[in-house]
1. What's the FRET efficiency of residue 155 with residue 492 using the Cβ-Cβ distance as r and R₀ = 41 Å, to the nearest 0.05?
2. Which of rounded, prolate or oblate describes the range 341-473 when judged by the alpha-carbon gyration tensor and an a/c cut-off of 1.5?
3. Pairs 273/512; 262/291; 273/317; 574/598; 213/281: which exceed 20 Å Cα-Cα?
4. Return, ordered by residue number, the residues of the range 247-280 whose backbone nitrogen is under 19 Å from a label point located 7 Å along Cα→Cβ of residue 286.
5. Once you have a ≥ b ≥ c as the square roots of the Cα gyration tensor eigenvalues for the range 251-394, tell me rounded if a/c is under 1.5, and otherwise prolate or oblate according to whether a/b is larger than b/c.
6. At q = 0.24, 0.35 Å⁻¹, what is the log10 ratio I(q)/I(0) for the range 423-462, with the Debye formula run over Cα points and no solvent?
7. What GluC sites (Glu not before Pro) does the range 289-373 have in DSSP loop regions with at most 16 other beta carbons within 10 Å?
8. On average, how much accessible surface per residue is there in the range 203-310, in Å², for a 1.4 Å probe, leaving out ligands, DNA and RNA?
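The values are calculated or read from the model by the stated rules, or taken from the named source; none is laboratory data. These numbers come from a predicted model, not from an experiment. FYI the Cβ positions are ideal-geometry reconstructions off the backbone, even for glycines, and counts take in every protein chain you see. Side chains are part of the model used for accessible areas, which takes the heavy atoms of the whole protein and leaves out ligands, DNA and RNA. Shrake-Rupley method; radii C 1.70, N 1.55, O 1.52, S 1.80 Å.
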Amino acid sequence: MSVITMVFVLIHLLLGVASSLVIHSIPWKVPCPHQCVCQIKPWYSPQSVYREAPTVDCNDLLLTQLPTSLPPETQTLRLQSNLISSVDQSELEGLVNLTELDLSHNSFISTRNLKITDLPAVLSLHMEENQLRHLPEAAFSGLPNLQELYLNHNRLRSISPGAFKGLGNLLRLHLNSNHLMIIDRRWFHSLPQLEVLMTGGNPVDTIQELNFKPLGSLRSLVLAGMGLREVSERALEGLLNLESISFYDNNLTKVPKEALQKLPGLKFLDLNKNPIQLVQKGDFRDMLHLKELGLNNMEDLVSIEQSAMENLPELTKLEITNNPRLSFIHPQAFQKLPRMESLMLNSNALSALHRQTVQSLPSLQEISLHTNPIRCDCLIRWVGAEDDKPVRFIEPQSTFCSEPPELKARRVKEVSFREMADSCLPLIAPNMFPSYIQLRHGDNIALHCRALAEPEPSIYWVIPKGLRLTPSTRYGRYQVLTEGTLEIFGVTAEEAGIYTCVAQNLVGADTKSLTLKVEGSGRAQITINQINEDSLQVHDVTERYALLSWHTGHNIPTARISWIANGSLEDHQKHSIRILAGTRGFNLSRLQPGTHYKVCLHMGSNDTSCVHLRTKEEFILHLWADLTHAILLGLSAFSMIVMAVRACQLRTMYDWKEYEKTHSTILTQEAMAFIAPVSLQQDKDKLSEGGGKALSDAKPAQDVPGTEKETF
């Protein structure tokens, strides 16, 4: 809900209740000006006090001046949508009860033509949708008790510092949708009682420090649609009673958290429709009275980071909807939100919402996840878990699974806990970052990469030189932040090329690449003749595995390895596997002993490097086969010896001991010689079947499930 709506919702509710109790309008039997309508109509004061007001309605009559013979008892005079360009005090003489004067949508070009010197009863003045360009000093001094002043949708370019002098009782001031380029705090020195200020729709790109300090009574501030790029730390200082603020439809690229910390009583915050990419750690922290927060319609928002919202003890409703790129909410994004009841996350790009996120909200009653590409796997299992407190889904009939294929189009609430796996692959959302970016020389850029999975995935980047950069590292112009964001400072032609983000866990991996072009560099991607240093090398070959490595100076995200046994043309003898970007080694395991293999590294359509190798013979197994008959004879002899021992039990104890000792020695020398090699072979088989050993810096490649390979 936008702050503009929240400001007036109470008034609308009061209007609805009151209108149900009274007649909307009744005839007012007085001499009425020509073509006008005189009625008794409901009226609400600026403080929402209901009255039945004698009203003269002269709207839309193409009048060029005020009508004559206005009834003296008139309280509301409506002259909207006429051609009036000036009003004189004499035309309103005798209207001692006049409380509201509506001159909106007329032809005023200056307030000097509003020649009102003394109308103490007027509480509301409507001058919106005229053609005012400037407000002079003390422009409304003849209205000392004015409480509402509407100057929106004019052509105001300047306002004198003392334009509102004499309006000490003003409660609401509407300056929105004009041509003001600055907000001058001197305007507000004469408005100590002001409660509502609307300045949106003016081309103001910066709120200066202490801009609103004189407005200690202000409760609602609307700064929507102004083109704001930043809000200084002290811009909102002094607004101790402010309850709602709207930054709707501005150009803020980050949450103005320092400025918001100056608002101790804030209850409603609207940041909708701003180009904020990340809601970062601590952006919303210790806002002790915040009740509702809106982060909707953000085209660039991709992630809600860990502890983005922390210690908000009165927050009950959070809206994060209609953000087409929002694909990641950290499992620990919400901390210490004990009263959160409603979580609106519909119409984003979320593939999942982690169970830990839901469990961190003990008072959660309803959640909206419809119109998201939900992946019905391990991360969404909490929906069907019987031991969890049930949470009501808003529009459950529109909340569908998009993955995996066997569950596609099923309603999420209808998928049981047992139908979902307890672990799952990482997934980088397709729209996390674009596939192509063009920058100017010297520009900075931040590329955000996030992924959810179970177990939690690790993230690294591969830059055009083929180097792998892990989180919390710096290299030249590059920096990778802890969360997985790659920052590039002052790009040059050297930074042009292909960048790949890799997210991997024990189940598998996902990758996403982009091409960066720097204007004037003439290099947007790697060409084939640049990749002339790649060569596949064999480091070690055993009976069951071969350890490979290669060197490359470039990032090739589409690399793969293929191998074939004995030059076979049969499909089941052909194998191929994708290699994660940044990988420079591979442990090819589960090979057959004594077999010729052709292994090829494919770095591009016309760039392939191949080697031939032969796995070792399993000589111990052959030896075992040759000695089978000898072992059987030995075992037979052993059996005969045991039988002989039992037949000689009546021999003396000394003879028995000597006999046992002699034959125990024979057993150790002859039979044990064949048992030891078997144990050695079993240990070696275990080593091979486990995927083999890689080099000291090897890391397991997780792009294909199973134990067929290791990469480094």
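1. Values: r = 47 Å, r/R0 = 1.14.
Working from the Cβ atoms, E equals 0.30.
2. Working: a/c = 2.14, a/b = 1.98, b/c = 1.08.
Prolate shape, in that a/c is at least 1.5 and a/b is the bigger ratio.
3. Listed pairs above 20 Å: 273/512; 213/281.
4. 255-267, 280
5. oblate
6. -0.91, -1.25
7. On the way: sites: 292, 299, 305, 310, 314, 319, 341, 366; in loops: 299, 305, 314, 341.
Hits after loop and neighbour filter: 299, 314, 341.
8. Values: 3990 Å² over 108 residues.
Heavy-atom SASA per residue in the range 203-310 reads 37 Å².
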